[in-house]
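The values are calculated or read from the model by the stated rules, or taken from the named source; none is laboratory data. Keep in mind the model is a prediction, meaning the values are calculated, not measured. As a convention, Cβ positions derive from the backbone with ideal geometry for all residues, glycine included, and neighbour counts pool all protein chains shown. To get the accessible areas, we keep the full protein, side chains included, count just its heavy atoms, and leave off ligands, DNA and RNA. Shrake-Rupley method; radii C 1.70, N 1.55, O 1.52, S 1.80 Å.
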Amino acid sequence: MNLVIVESPAKAKTIEKYLGPGHRVLASYGHVRDLPAKDGSVNPDDGFAMEWENYADKAKQLKAITDEAKGADTLILATDPDREGEAISWHVQEVLRKRRALPKDVRRVTFNAITKPAVTQAMANPRALDEDLIDAYRARRALDYLVGFTLSPVLWRKLPGAKSAGRVQSVALRLVVEREREIEAFVAQEYWSVTADMEQDGTGFAARLVRWNGNKVDRLTIGKACDAEAAKKAVEEGRFSVVSVETKPLTRNPPPPFTTSTLQQEAARKLGFSASHTMRLAQALYEDGSITYMRTDGVQMDPSAISAARGAIAHRYDASYVPDKPRQYQAKAKNAQEAHEAIRPTDFMKDRAGSGDHARLYDLVFKRALASQMASARLERTTAEMEDGSGRHALRATGQVVLFPGYLALYEEGRDDEADEDSKRLPKLSTGDTPAKKAVRAEQHFTQPPPRYSEASLVKKMEELGIGRPSTYASILQTLKDRDYVTVEKNRFTPNESGRLVTAFLERFFERYVSYDYTAGLEESLDDVSGGRAGWQAVLEAFWRDFKPKTVQVMEQKPSEVTAALDEFLGPYLFPDKGDGSDPRLCPNCGEGRLSLRGGRFGAFIACSNYPDCKFTRRFAQAGGAEAGGDAGPEVIGTDPETGQEISKRSGRFGPYIQMGDGKEAKRASIPKDIPGDDFGLDWAIKLLSLPREVGKHPETGNPITASIGRYGPYLAHDGKYARLKSTAEVFETGMNAAVVKLAEAAAGGRPARGAAREPLRMLGKHPRTEAEIKLMEGRFGPYVTDGETNATLPKTVQPEALTLEEAAQLIDARAAAAPAKGKAKKKPAAKKAPAAKKAPAAKKAAPKKKAAE
């Protein structure tokens, strides 16, 4: 019997069907062991020896694999065809070796697609485990461990509020922070454009001013409104005729099929998917046999796939859409390995697969791969120049027309930030024509700062710089979000205060290790290990030799010394030159003290040197001077009409709040974040200070229902029972009927009240192994999945709307493996003591038997 090991149960089920009798296919459910999260898991003094520990939640899977391996003739390791897949196979082999259950015949097979021909061919061509790939995995894992467990403690002790640092994570964060600095340092410049609306033979078109008073007009040439009006008047008074018409042919070639990073980028642009969501969907499509392996940086396709694509193009269109020769591509990304094919459909005659987001992603993969083998698009660009009678003023109109769409008939690549293209079609123009002038517009513009990174543009930038590897980008971006180092708004990354401070600390004290060139160079060294050109221990030794002393040096510094160094390092950002010769550090409150960076229990902040006489402070992330929104003390916003006491707005440890009165009797209330700053005034302050608000008497108990705002947000309360409200406005607007319903639903655990049956959020389908129906439900503690026997809560990183059947099945199986066995026999009650027997004559006691060593 042949025992075949793969990662996922869906993959196992499909492959077992392909292989037939004589093969037993089991899933490892991903990695089965890892370095334990404790000191000493990697020992640099012992050749970087590693201490591995089996995952507790994989005990059931490992037992099943071990039991089957004991009776198997051959072990076939068929995990994914990349470094991580090689590592999983190696881990399984080592676990079986330790348990003395490893068959004598061990084979490694890889396939790029889960189809019967691909699997059958792979089984006929086994190989040994790739030691170079395994060494590369060990080097990366040890490196990430050493950075995390050496650098993070330095952060915790020297930088309050910091959570962690990572070899690639910190460099990616630096990109986000540096872009924010560029945006903050950007000074907008005013400019004007002058455009004439023209018409020829009933067709309208726009022409822009390119020469004024004999001088060339560029984008920023006209910088004042008065100049714009003068230029507009000149165009209005002039009679323009065509002096030249130039037509140029253009050719646009199709982009290559997807790699991991370009798939993540395009899915973000066109579908709005996060990198992690894209990879979950792609994994499911791969395991379903719909697409080839999704972790790749190669852009080439198998010759048979190219032939199939060309045939599909001819079938869908006509021969003119098929180029004379098959297209060949080469990766442009730094450090691209091209170890595998590009991502493509396994069947080019199948234009649909899956449903929902799976179907949308498959459609993207299918069209991109098919378009990559289609004919180029042929276009024609026309430029017409027009001058007035004096020749001192000139207008230019451009247009573009598609002569033959080629691949554009199927697919057009998205872009992160759309440029203004002159893509409209022009009417037929000839030299000497005098198009009618309908209107002239002078429009004001301002230069824009560089845009914040989207997931697509950040992935693209990381790939260009050679930072990390495409297969890790999704987890890196997710880590930045989980650590609360960044906020994602409208699909754009904005660094949070903690992220900015950590980046500043690393730039000041560990500049080399967050530099782009060093990180990319380290990636090249790790790639050399993969290719057998370098030893993994030598790469780690070269890194550790300089890194360890640096961390020791920083750890020896006092927190006050670290803060002083950061204050100097961040001076140009925190206290920018005002341009008027004044001291940018001068306190805007007292006018005497100087501002500097201070370290506190809850993080860094800016404070005046005259403290405690001057209590001016501002948050670390607020760059600039007085206009940066610093806290200069209480701000009186009005007087309470009932008590006559002053109400003031203040800033505290947990954010802004309002206070009425002074001393112990003062009444305070936090200002909720969902109240816009422009709307907040005395009316809002009085309402917040009046809480809790009594909604009315409950119709069943006669006791009051109140609405208020607590530590976890707005809520309703009645007889010690609570119900959440969605907004601050609801605290003051919720009526009696709505309050009773919300309290009843909350008492039912978020379910509809009065015993109404709970409806599943989604029906996911049948469990791949048990055939039980899996449902996604809403529970008291959040969404969960169930097969009727086992309930498994969704991890915070998994979005309910993005959950797949396979992910749900894995969660249920993992929960079942971790749960205690059902139906354990109850402990028998102690037997009653028998009546004491008469004492017998003393006999010599036998020596007690020795217990076996445990």
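When the solvent-accessible surface of protein heavy atoms is calculated with a 1.4 angstrom probe, in what order do 741, 365 fall, highest first?
Reading off the accessible areas and sorting them downward yields 741, 365.
Once you keep just the Cα pairs under 8 angstrom separated by 6 or more residues, what percentage relative contact order results for the stretch 365-510?
15 percent
Express the accessible area of the chain per residue in Å², computed with a 1.4 Å probe while the remaining protein chains stay in the model.
Averaged over the residues of the chain, the accessible area is 53 Å².
Keeping every protein chain in place, order 545, 452 by accessible area at 1.4 Å, biggest value first, i.e. largest first. Present the calculation step by step, with values, prior to reporting the outcome.
Values: 545 135, 452 85 Å².
Ranked from most to least accessible, the order is 545, 452.
Of the heavy-atom accessible surface of the stretch 693-748 (probe 1.4 angstrom), what whole percent is carbon and sulfur? Can you show the working numbers first?
On the way: 1600 of 3310 Å².
C and S fraction of accessible area: 48 percent.
Would you calculate the separation in nanometres between label points at residue 307 and residue 213, each defined as 7 Å from the Cα along the Cα-to-beta-carbon direction?
Taking the two extended label points, one gets 7.0 nm.
In terms of modelled amide H atoms, which long-range or inter-chain residues lie less than 5 Å from the amide H of residue 250?
Amide H neighbours of residue 250, under 5 Å, 5+ apart: 379, 380, 381.
Placing +1 on the Cβ of each Lys and Arg and -1 on the Cβ of each Asp and Glu in the chain, which of 305, 382, 638 has its Cα farthest towards the positive end of the resulting dipole?
About the Cα centre, the residue reaching furthest to the positive side is 305.
State the extension gain, in nm to one decimal, for the chain segment bounded by residue 690 and residue 436, taking 0.36 nm per residue of separation less the distance between their alpha-carbons.
Extending this stretch completely gives an extra 84.7 nm.
Under the classification rounded if a/c is under 1.5, otherwise prolate if a/b is larger than b/c and oblate if not, where does the stretch 560-619 fall, given a ≥ b ≥ c as square roots of the Cα gyration tensor eigenvalues?
Note, shape of the stretch 560-619 comes out oblate.
Quick one: length gained pulling residue 73 to residue 43 fully straight, 0.36 nm per residue minus the C-alpha distance? Could you put the intermediate results ahead of the total?
Details: separation 30, 0.36 × 30 = 10.80 nm, distance 3.66 nm.
Extra length available between residue 73 and residue 43 comes to 7.1 nm.
How large is ³J(HN,Hα) for each residue in the stretch 579-588, as worked out from phi by the Karplus curve 6.51 cos²θ - 1.76 cosθ + 1.60 (θ = phi - 60°), to whole Hz, x for Gly and Pro?
Once θ is set to phi - 60°, the couplings for the stretch 579-588 become x, 10, x, 7, 6, x, 8, 5, 5, x Hz.
How large is the charge dipole for the stretch 693-748, taken about the Cα centre, if only the Cβ atoms of Lys, Arg (+1) and Asp, Glu (-1) carry charge, to the nearest 20 debye?
Dipole of the stretch 693-748, to the nearest 20 debye: 180 debye.
Have a look at the DSSP beta bridges in the chain and tell me what percent are antiparallel, nearest 5.
Numbers: 104 of 117 bridges.
Here the antiparallel bridges make up roughly 90 percent for the chain.
Which distance in Å, rounded to a whole number, links the C-alpha centroids of the stretch 128-167 and the stretch 639-700?
47 Å
Report the charge-dipole magnitude of the stretch 635-690 in Debye, nearest 20, computed about the Cα centre from +1 at each Lys and Arg Cβ and -1 at each Asp and Glu Cβ.
340 debye
Over the Cα atoms of the stretch 260-375, each weighted equally, I'd like the Debye log10 I(q)/I(0) at q = 0.19 Å⁻¹, rounded to two decimals.
-1.02
Per-residue ellipticity at 222 nm for the chain, helices alone: DSSP H runs ≥ 4 residues times -39500 (n - 2.57), over residue total, nearest 500 deg cm²/dmol? Walk me through the numbers before you get to the answer.
Details: 22 runs with 282 residues, N = 854.
Rounded to the nearest 500, the figure is -10500 deg cm²/dmol.
For the stretch 635-690, would you read off the P(r) tail past 19 Å as a percentage of all alpha carbon pairs?
For the stretch 635-690, the share of Cα pairs beyond 19 Å comes to 19 percent.
Could you give the length gained on full extension between residue 236 and residue 577, defined as 0.36 nm per residue of separation minus the Cα-Cα distance, in nm?
Answer, rounded to one decimal: 118.3 nm.
Based on DSSP H assignment, which helices of the chain show an axial Cα extent of at least 30 Å together with a mean Kyte-Doolittle hydropathy greater than or equal to -0.5?
131-158
In nm², what is the average projected area of the convex hull enclosing the Cα atoms of the stretch 390-534?
In nm², the orientation-averaged hull projection of the stretch 390-534 is 17.4.
For the stretch 2-129, how big is the tail of P(r) above 18 Å, as a whole percent of Cα pairs?
In whole percent, the long-distance tail amounts to 52.
In nm, to one decimal, how far is the residue 367 label point from the residue 355 one, both placed 7 Å along Cα→Cβ?
2.2 nm
Rounded to the nearest percent, how much of the accessible area of the stretch 2-129 (1.4 Å probe, protein heavy atoms only) is carbon and sulfur?
48 percent
Give me the dipole magnitude in Debye, nearest 20, for the chain about the Cα centre, with unit charges on the beta carbon: positive for Lys and Arg, negative for Asp and Glu.
So the magnitude is around 4980 debye.
Can you tell me the relative contact order of the chain? Whole percent, Cα pairs under 8 Å, sequence separation 6 or more.
Working: 1452 pairs, mean separation 92.4, N = 854.
Worked out over the chain, it gives 11 percent.
Label points 7 Å out from Cα along the Cβ direction at residue 729 and residue 186: separation in nm?
So the label points at residue 729 and residue 186 sit 3.1 nm apart.
First measure r as the distance between the Cβ atoms of residue 615 and residue 226, then evaluate 1/(1 + (r/R0)^6) with R0 = 56 Å and state the FRET efficiency to the nearest 0.05.
0.75
How large, in percent, is the carbon and sulfur part of the accessible surface of the stretch 260-375 at a probe radius of 1.4 Å?
Its accessible area is 46 percent carbon and sulfur atoms.
Quick one: which residues, 5 or more positions from residue 762 or on another chain, have an amide H under 5 Å from its amide H? H modelled 1.01 Å from N in the peptide plane, none for Pro or chain starts.
For residue 762, the qualifying residues are 776.
Residue 703 to residue 666: FRET efficiency via 1/(1 + (r/R0)^6), r the Cβ-Cβ distance, R0 25 Å, to the nearest 0.05?
Values: r = 30 Å, r/R0 = 1.19.
Approximately 0.25, to the nearest 0.05.
Using the alpha-carbon centroid of each, what span in Å lies between the stretch 552-619 and the stretch 35-74?
Between the Cα centre of the stretch 552-619 and that of the stretch 35-74, the gap is 49 Å.
Which residues' amide hydrogens lie under 5 Å from the amide hydrogen of residue 76, considering only partners 5 or more residues apart or on another chain, with H built in the peptide plane?
Here 3, 4, 5, 107 satisfy the definition.
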